[in-house]
Structure formats: C-alpha cells, structure tokens
Amino acid sequence: MTQFDEKKQQERLHDLRAREEEQLSEMLAKKYGVEYIDLTTRAIDTDALRLIPEADSRAGEVAAFHKVNKNVFVAMRSPERADSLAIIQNLERLGYRPQRYIATRASLEHAWDRFHDLSYATETEAGILTLSNETITQMLAELKTLADLQQHVETNMKSKDPHRVSRILEIIMAGALSLGISDIHMEPEENEVHMRFRLDGVLIEVLTFDAATYALVSSRIKLLSGLKLNIKNAAQDGRFSIAINEKEIEIRTSILPGAYAETIVMRVLDPTTIALSMEQLGFDKYLMEIFNHEIAKPNGMILNTGPTGSGKTTTLYAFLRQVDRPEVKIVTIEDPIEYHLPGIVQTQVSKDYTFALGLRSTLRQDPDIIMVGEIRDTEVASTAVHAALTGHLVFATLHTNDAAGTFPRLIDMGVSADILGASLTVAMAQRLVRRLCPICREPKPLTGKDAEIVARYLKDIPHADELPANRDTSWIPKGCDKCRELGYKGRIAVVEVILMDHIIEEAVRTTLSEREIWKAAKHQNIRRMGQDGIVKVLQGVTSLEELGRVVDLNPEIEG
C-alpha cells in the first residue's frame, strides 16, 4: 500500500515553484538586457545593503548587495516599477553608480534578512554614516535641548547592547545637526572626558564620558574618518560624511595627541547653514550698494579678512552666487570645499595640490572669476594680485585684525605697494555676533559705562540719518523654548570696508600704519566694525555684551 506524504509533496511543489521563478527571472533579465543573479548563494555586503532604508527596500522590492567605491550592485524584482526606479535615481543623486540585476523574491528575502545584522547607527568603510529617515525624524522630535541629548547618551552608556557605541555616535551626530552645532569637541582629562559643542561661536559643556566608553567612541570615529588606529602620538586629520535623505553633510575630524588620551574635534559642514544670500548676511543698505557695485566689476581683488570662524567663506559664497551666470566661468580653490555650488568649478587643496599650484593651474583654465580659499604665503599673494591685474575678478580671504591691516599684510608678503593700488579693490573685515532671540529678548536702559561706549561710537558716525530712533535702550538675552533657553539664536556679521581709491593708494605707498590708513579712509563715509555693531545693538539684533565679546569696544574711534 502506497502512503501519501503530504509534507514531502508540499516541499517538492515549493522547490518546483522556486525553480520556475528563477527561470522566469532569467527570461526577464534577457528580455530587458539586464543580468540575472541568485542572491541565495552569495554573501550580502551590509555596507551596500544599508544604502537603501529597509522600508524602501522592501516596498520597492530592491536590495543593494555589493559595493565597490561608488559602484553599487542592486538586485530588483522588476526593472520597470516606478518605485524601484525612484530608489535607483536616489542612489544616483547621492553620487553612486547603480548596476541593476534581476532577482527573485526569494533572493531579495535572503538580502533583507541581513538588515537584522545592522546596528541602529550604521557606518561604512567609505566614510559614510547613514542615518535613515526614520532615525532623523525620531531624533529631531526627541533632541530639542542639550538636556535631551545628555539623557539619551547617558542611557546608552549604561546599556549592555553590543551596538551601544554606534548608537552613542548616532545620537551625538543627530543631536549636533538638530541643534545647529558647528563643532564637537572631545577633551580627555585625567579621570574623565569632556564633550563640548560650539553653538553660534560659543562653546557649551554638554556631558562627560568615562575613559572606557571614550576609547571605543574615539576608535569608531577614527575608523569612520579613515585614520590609523595604532597612531596615538601624532596629529591626524580625516573626514567622513553623514548621509541624510538626499544630501551629505561633511564632517572634518582633527585628532591631537594629549597627556591622557587623544583630543578630537569634529567640524560639521552643513550646507544649509552656509548657503546664505547677501541679504541674509546682515549688511546695511549702503554696504549692499557697495558690494553689488564692486562684485560686478570685470577685474580686481576683493579680500575678506578675519579670524577662523568669522564667516569669511560664507560671505564669499554669497558673492559667488550673486555673480554666477551661464556666460561666466568661475573656479574656486578651497580647503576644504564647504558647500557645493552648482555651475561652478570647485577644487580642493591636498598634499600635492596646494593653493599656489591650484591658482597657477586655474589661470590656465581661462576663468573669469577665481575664489582663493586663503592667501597663506608670498607665492599665492603674488599670483592672486597678478591675476587681478590681468582681467580676472579674484575673491580671497586673509588673516588680519581689521580691514586696514590688509595692506601692510600683503606688502609684508612681498606684494609691491605700487601694484597694490591697481589690483586690490575692496578690503573688508568681519566678525560674527550672536542674534538675540526675537521672542524673549528684553529691553534694558543704557546707563553708566554702556551709555558712554554707545555715545562714543555714535559720535560722527557715518549715515547718522539711518540710525534707529532708539538711542538710549539696549536689549539683553533672557531664554525661552524657541532658543533652547540660551537667549540667542543664529548669528549675523558685523563688517567694515575700505575701498581702494587714489587717496588710499597714496597712503599705502607712504605708510604701513593702520591708523594712518583709517584716517585716509574717513572720506569714504563707511562705518567701522564697532559702529556697525553698535547700530545692531540699538536695533535689538544683538546685545552690547555679545558685541564686546568679539569686537574690542574700549579704544577710541580712530580717524
């Protein structure tokens, strides 16, 4: 008597259907001119898999299974489905080169099973920290204040989860983006490690790590930044990116050896904080007229000066966007490229591509406008000046204390005073002050020393007719939910400018005294930086205390 084995028949039927599906996929692959692949027999590259969020991958029946640099190998159920094609297009927008394969549902299930192996925060060998849409949405909702971030990090430090270090790093980076942080500082001491955030130019204590957790976090940061784990007695610089939705935010990592452990600083280069227009930078009406006139010239050099972090590059980017037109060739030389400008050729310095070499090479590209990230030495200064003399408009930055210091600094670099007058058209200097929160700021009558400082700067101030009616009240920070109890939100530039004319040209030829140059510039009727700041204090844009933090308000106005 023959016994019917239902279980065995079901298994045979399942195998038959699986073979038929594989054969159908092979036929479809030939029809569409796409390669067929069976993923059930191969290992899945999790670095590739994590490029597509799990929810999108399952919904679109797509899985990235292998990655080599920017080449991504993607298996898909159907090469013509709209949602599948949208996922492919998104990978292309992120700079990847997808290569499509047709696979069965079983193959895709094999790949999707590997999502369980991924940590909540995902890192790749290529230096990409991928935060899913769900993660970012969750973090933006949860990390409203520094206290929220502290609580999340401390909770995960106590966790026994094997992925807790990845989770901590994810919280730190998502929190930094949520709060608008520009720099993350991790500073080891004998018994603990302090982490501070730079928010609107000011360092704020966030939390402390124990040494064991910091050792794991620093190793993970090194791996992500492409740095060597075994080197602990030398400085190292690296970078990685955070991929969010359709944009990548670059993180620059700097590591210095210390007495107890290595100090780490991560600079967050978020393009949304750099992509400002000239109107958003805080220039007064008369300054806008000056800049619009000067950047429209076909040649000359506009130098923006100030210390690191004073917003010089952001201002030059705003100038570039203003002059960018299809008929104009613009080339930049930067260290690093902080914000990608469409339609503009941007180059980045490296060990073998210096500012000097880059500038010489750029001139052979026949540009109309050149931006030099920083004039650091005699060769770059000389080449930039000669470029301005030979029909190019040059934007550049320089480290000096004020606008008048530009002239002696260039002469000290070997630029002849005789040709400086023909090449340099604008010397400007700027600082960034924090904006008062417009919701919670409070008025405060000007009295005593504060009133004396304001009166001194208002005396003979240019464009006095444009001053606000209020001249006896300043504003102070209070703190509210909108500004995370800090009293400030965002920053604005305070600026001073000297235009090159025959009087300034003669002064530069005869003296290297900044005081004498300021006296010579008095006829231009342009406010000094302190005066520009005092006006913003009276307007309630910033506080007198904040202005005094970045601008020396004690000296008398010269000139």
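The values are calculated or read from the model by the stated rules, or taken from the named source; none is laboratory data. The structure displayed is predicted, hence computed values, not measured ones. Glycine also receives a Cβ, built like all others from the backbone with ideal geometry; neighbour counts cover every protein chain displayed. Surface areas here come from the heavy atoms of the whole protein model, side chains and all, with no ligands, DNA or RNA. Shrake-Rupley method; radii C 1.70, N 1.55, O 1.52, S 1.80 Å.
Numerical summary
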read-out: Among the candidates D465, D552, residue that is out of contact with any Cys (no Cβ under 9 Å at 6 or more places or on another chain), without any contact (Cβ under 8 Å) to a residue 40 or more places away in the chain, open to solvent by 40 Å² or more (accessible area, probe 1.4 Å) and within 26 Å of V202 (Cα to Cα); value: D552
read-out: Residue within segment 474-494 that is of a type in the set (S, T, Y), open to solvent by less than 40 Å² (accessible area, probe 1.4 Å) and assigned by the TED database to the domain that holds A417 present; value: yes
read-out: Tabulated pairs, segment 398-411, first closer than 21 Å to V551 by Cα and among the polar types (S, T, N, Q), second assigned to a loop (DSSP other than H, G, I, E, B) and open to solvent by less than 10 Å² (accessible area, probe 1.4 Å), C-beta under 7 angstrom, 6+ apart or interchain; value: none
read-out: Any chance V217 is farther than 20 Å from G258 by Cβ, in a helix (DSSP H, G or I), open to solvent by less than 70 Å² (accessible area, probe 1.4 Å) and in contact (Cβ under 8 Å) with a residue 24 or more places away in the chain; value: no
read-out: Any hit, segment 333-354, residues being open to solvent by less than 10 Å² (accessible area, probe 1.4 Å) and part of a strand (DSSP E or B); value: yes
read-out: One residue from G414, G391, G373 being surrounded by 16 or more Cβ atoms within 10 Å (Cβ to Cβ) and at pLDDT 90 or above; value: G373
read-out: Any hit, segment 542-549, residues being in a helix (DSSP H, G or I), hydrophobic (A, V, I, L, M, F, W, C) and touching an Asp or Glu at 6+ places or on another chain (Cβ under 8 Å); value: yes
read-out: Of all residues in segment 444-488 being basic (K, R) and in a helix (DSSP H, G or I), the one that is nearest to R549 (Cα to Cα); value: K449
read-out: E496 being assigned to a helix (DSSP H, G or I), at pLDDT 95 or above, charged (D, E, K, R) and on the phi < 0 side of the Ramachandran plot; value: no
read-out: Subset of segment 419-442 (residues that are under 17 Å from C483 (Cβ atoms) and in a strand (DSSP E or B)); value: L432, V433, R434, R435, L436, E442
read-out: Some residue of segment 389-400 being more than 13 Å from V331 (Cβ to Cβ), part of a loop (DSSP other than H, G, I, E, B), among the polar types (S, T, N, Q) and out of contact with any helix residue (DSSP H, G or I) (no Cβ under 7 Å at 6 or more places or on another chain); value: yes
read-out: Qualifying residues in segment 426-462 (those that are charged (D, E, K, R) and surrounded by fewer than 20 Cβ atoms within 10 Å (Cβ to Cβ)) - the one nearest to E294 (Cα to Cα); value: D460
read-out: Subset of segment 221-232 that is open to solvent by 70 Å² or more (accessible area, probe 1.4 Å) and touching a residue at least 12 places away in the same chain (Cβ under 8 Å) - its residue that is farthest from A243 (Cα to Cα); value: K232
read-out: In segment 279-309, the residues that are among the hydroxyl-bearing types (S, T, Y) and open to solvent by 40 Å² or more (accessible area, probe 1.4 Å); value: T308
read-out: Odd one out for L276, checked against (1) in contact with a strand residue (DSSP E or B) (Cβ under 7 Å, 6 or more places away or on another chain); (2) of a type outside the set (S, T, N, Q); (3) surrounded by 13 or more Cβ atoms within 10 Å (Cβ to Cβ); (4) not in a helix (DSSP H, G or I); value: (1)
read-out: Subset of segment 199-214 (residues that are assigned to a strand (DSSP E or B) and in contact with a Gly (Cβ under 8 Å, 6 or more places away or on another chain)); value: L199
read-out: Selection within segment 356-380 - assigned to a helix (DSSP H, G or I), in contact with a helix residue (DSSP H, G or I) (Cβ under 8 Å, 6 or more places away or on another chain) and within 21 Å of V323 (Cβ to Cβ); value: L359, L363
read-out: Odd one out for T511, checked against (1) open to solvent by less than 40 Å² (accessible area, probe 1.4 Å); (2) closer than 20 Å to L287 by Cα; (3) not acidic (D, E); value: (2)
read-out: A259 in a loop (DSSP other than H, G, I, E, B) and either of a type in the set (A, V, I, L, M) or open to solvent by less than 10 Å² (accessible area, probe 1.4 Å) (or both); value: yes
read-out: Residue match in segment 232-255 (condition: assigned to a loop (DSSP other than H, G, I, E, B) and under 12 Å from the mean Cα position of the chain (by Cα)); value: no
read-out: Lone qualifier among Q150, Q138 - being assigned to a helix (DSSP H, G or I), modelled with pLDDT under 80, of a type in the set (S, T, N, Q) and farther than 30 Å from R42 by Cα; value: Q138
read-out: So T347, is it under 21 Å from the mean Cα position of the chain (by Cα) and in contact (Cβ under 8 Å) with a residue 24 or more places away in the chain; value: no
